[in-house]
Amino acid sequence: MTGAEIFVECLKREGVKEFFGYPGGAVIPLFDELYKHWEEFRFILVRHEQAAAHAADGYARATGKVGVCIATSGPGATNLTTGIATAYMDSVPIVAFTGQVRTAMIGSDAFQEADVTGITRPITKHNYLVKDVEDLARIIKEAFYIARTGRPGPVLVDVPVDIGLAETEFDYPEKVELRGYKPNYKGHPLQIKKVAKAIEESERPLLYVGGGVVISGAHEEVRQLAEKANIPVTTTLMALGTFPPDHPLYLGMPGMHGTRYANMAFIECDLIIAVGARFDDRVTGKIDAFAPHAKIAHIDIDPAAISKNVEVHIPVVGDAKLILRELLPLVKPRPRNSWNDQIDEWKRKWPLTYRNSDSVVKPQYVVEQIYEATKDRETIIATEVGQNQMWTAQYYKFHRPRTLLTSGGLGTMGYGFPASIGAQAGRPDALVIDIAGDGSIQMNIQELATVVQHGLPIKIAILNNGYLGMVRQWQELFWGRRYSAVDIAVQPDFVKLAEAYGIKGMRIEHPSEVRDAIEEALKEPGPVLMDFRIEREENVFPMVPAGKALHEMIGGLA
Amino acid sequence: MKHTIAALVENRFGVLARIAGLFSARGFNIDSLTVGETEDPTISRMTIVVEGDDRVLEQVMKQLNKLVDVIKVSDISSQKFVDRELVLIKVNAPRSRRSEIMEIAEVFRAKIVDISPNTLTIEATGNEDKIKAIIGMLKPFGIKELARTGRVAMLREFRGEV
Ligand SMILES: Cc1ncc(C[n+]2csc(CCOP(=O)(O)OP(=O)(O)O)c2C)c(N)n1
Ligand SMILES: [Mg+2]
């Protein structure tokens, strides 16, 4: 077989159907082979390679499968990098294929040459430059294996153009043998016992749940643990949807724009049981003042996540679901009434609220109404980055894991829309909505053509404040209202823009129109762009100012 | 504190860059790094000497362990180990001072490996203290050139008390 034939055969063996990309000189051999198998795949041609990487990422987050993207050498590959870094920071399994110049020309500054394995080394879990067609099948097999196992992440395979043309016998290895890579899934029984004991001794425990629970599929176990031992639960941005939002033990999201009661629980608890969470600075606030009374148990598949930012007393390395299953029978029921009463009091005192208006559209209201209109359907929400992202996290109630796609670690503007493309391709049955900012949406607006070409009925809701709102908020609160370089009121007419691409566009300027507009958009079989003209200077509250402790939150008191 | 890290890695292109990249990404300055094939030609052994805060170092070790190409990493400084370094020193040696220099070399069991009318080149091996000492002794003569291999190290097999 030729290298190109091997490439296509390997994709089939890995069960790849939908994937995303953009062609160019160095990948013509691969695309030519693909052409012969066109009906067996659903290849989605994006309009910018960054979108291909984000789409593969959105596909992976929404389905739990490995997402695949492909781009040409040089500029094609460098355009992928933002998407690869985004996936890396949020532990998303994707395999990226890039073309490369001929093996003999590597290192000669050939046309469209870039050292792609060099560039992507710090933003991939692993990467490969294929130097011999003999290695191609093994490398692809390993790439998928590494991407999805352990702590998942992006893997890049750089394929020189001559490798696609070279011939060899096809041999797809049955098993992957990597002596330097052996993820550990089973938690140490002794450590698990210690966690059970710590829970038993704790008066004020707190379950701090992160994205690892989504990846591991451990949400049921988390709920059982919480209910059995009456432990309140906070879920990070990456874990929204892993715990029932209306559950009495639920505290919502912690951190910079989390609820005051989740943050107070961190301050007052005597035990943190962290599951698949990594004590990110957006969660902990000022690290020296974080959880001053708490012993910390940390369950994580990545040993390097443990004791990285805070000192951990009981580490348990392994898969969250397996470990929680071992832990559950060891945990004794305990009512913990006074702790939960305390938390209920905080909840009553500091509910998450905003002041609505009957003259201007409030973004929080839009998000609430989107929730109300979609709560009875299988819905996947993507966000961009900025205020739109935080309002979505605060006011949309996520009932199931893998229903929120958002760039948490890297905070990549322009992520949401192409991620929606991936999600819709992987979940054709689901309703997919991108809640966007007017700044972020313009970072990958060209993908409107992709959704039209491929018949992806994605709905976009722009919370349009004419500002790079989150930056403006910081400038307003901490930089003396000096609005430097954040006014983006000069913008296209989004309705006309949608229409120019051949899709429905809507502008909503009054609160009374919000719900009807959403319903109308949802009735539309194709893609729709909704331009919500919101209060320009609305802020996201409450907020822990950067560098402050979690109990030093400001704002949000109605 | 100085740490000596021994790593067994896949003998493949790009591995050195991965490892060096990890250190620089975390703001670690590498004092020395040596790499060479082991008894198994598919495996290389790296000896890395770094100076740094224990907690940061622990993080770097964990990150190293995560690399697919890294088979085993250990911080051997906490155990008994032998370490050696080789140094080549080209020193000013006018005829009048030659015997003095050769005496010093002899004390350190170093070898004269090259000679010219005005210089001697000395090869010495030993642990860090010894290398420091011979360099210190030769400095007054005027060192013209110095090349060090960096440290190689291995755990001692006999760990019992004597
Ligand atoms: C690619 C990228 N560039 C810059 C930033 C910094 N940044 C964070 S939020 C933000 C403003 C986003 O504006 P918009 O999309 O309109 O969202 P809003 O905050 O107004 O809801 C910026 C510039 C970023 N996160 N990503
Ligand atoms: Mg905006």
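For A:I518, the stated conditions hold: it is under 27 Å from the mean Cα position of the chain (by Cα), away from chain B (no Cβ under 14 Å) and away from ligand 1 (no atom under 16 Å from the Cβ). Got at least one residue in the stretch A:434-443 being modelled with pLDDT of 95 or more, away from ligand 1 (no atom under 16 Å from the Cβ), away from every other protein chain (no Cβ under 14 Å) and under 16 Å from the mean Cα position of the chain (by Cα)? Within the stretch A:434-443, none of the residues are modelled with pLDDT of 95 or more, away from ligand 1 (no atom under 16 Å from the Cβ), away from every other protein chain (no Cβ under 14 Å) and under 16 Å from the mean Cα position of the chain (by Cα). All of (1) within 14 Å of another protein chain (Cβ to nearest Cβ); (2) crowded, with 19+ Cβ neighbours inside 10 Å hold for B:I101 with one exception: (1). No other residue among A:T383, A:T379 is more than 15 Å from ligand 1 (Cβ to nearest atom) and within 17 Å of the chain's Cα centre (by Cα) apart from A:T379.
A single member of A:V176, A:V195 is surrounded by 22 or more Cβ atoms within 10 Å (Cβ to Cβ), farther than 30 Å from A:Q112 by Cβ and modelled with pLDDT of 95 or more, and it is A:V195.
For first residues located in the stretch A:270-288 and within 17 Å of A:A320 (Cβ to Cβ), partners that are of a type in the set (K, R) and part of a loop (DSSP other than H, G, I, E, B) and lie 6+ apart or on another chain with Cβ distances below 9 Å form the pairs A:R278/A:K308; A:F279/A:K308. The single condition among (1) surrounded by fewer than 23 Cβ atoms within 10 Å (Cβ to Cβ); (2) in contact with a Gly (Cβ under 8 Å, 6 or more places away or on another chain); (3) over 28 Å from B:E10 (Cα atoms) that A:E201 does not satisfy is (2). Assigned by TED's automatic domain parsing to the domain that holds A:L225, among the hydrophobic types (A, V, I, L, M, F, W, C), more than 18 Å from A:Q224 (Cα to Cα) and part of a helix (DSSP H, G or I): does that describe A:I343? Taking the combined requirement at face value, the residue satisfies it. Which numbered condition trips up A:P122, out of (1) closer than 24 Å to A:V8 by Cα; (2) within 14 Å of chain B (Cβ to nearest Cβ)? For A:P122, the failing item is (1). Candidates in the stretch A:391-411 are the residues that are free of Cβ contacts under 8 Å to residues at least 60 places away in the same chain and assigned to a helix (DSSP H, G or I); of these, the one that is farthest from ligand 1 (Cβ to nearest atom) is A:Y395. The C-beta contact set for the stretch A:289-314 (first residue more than 14 Å from chain B (Cβ to nearest Cβ), second residue of a type in the set (F, W, Y), distance under 6 angstrom, 6+ apart or interchain) comprises A:A291/A:F266. In the stretch B:59-72, is there at least one residue being more than 14 Å from chain A (Cβ to nearest Cβ) and touching a helix residue (DSSP H, G or I) at 6+ places or on another chain (Cβ under 8 Å)? No; the residues of the stretch B:59-72 include none that is more than 14 Å from chain A (Cβ to nearest Cβ) and touching a helix residue (DSSP H, G or I) at 6+ places or on another chain (Cβ under 8 Å). Considering the stretch A:481-517, and only residues there that are at positive phi and not hydrophobic (A, V, I, L, M, F, W, C), the residue that is farthest from ligand 2 (Cβ to nearest atom) turns out to be A:G502.
In summary, A:L328 fulfils each of the numbered conditions (1) closer than 22 Å to A:L404 by Cβ; (2) in a helix (DSSP H, G or I); (3) touching a helix residue (DSSP H, G or I) at 6+ places or on another chain (Cβ under 7 Å) with the single exception of condition (1).
The values are calculated or read from the model by the stated rules, or taken from the named source; none is laboratory data. Model, not experiment: these values are computed from the prediction. Backbone-built Cβ (ideal geometry, glycine too); neighbour counts: all protein chains shown.
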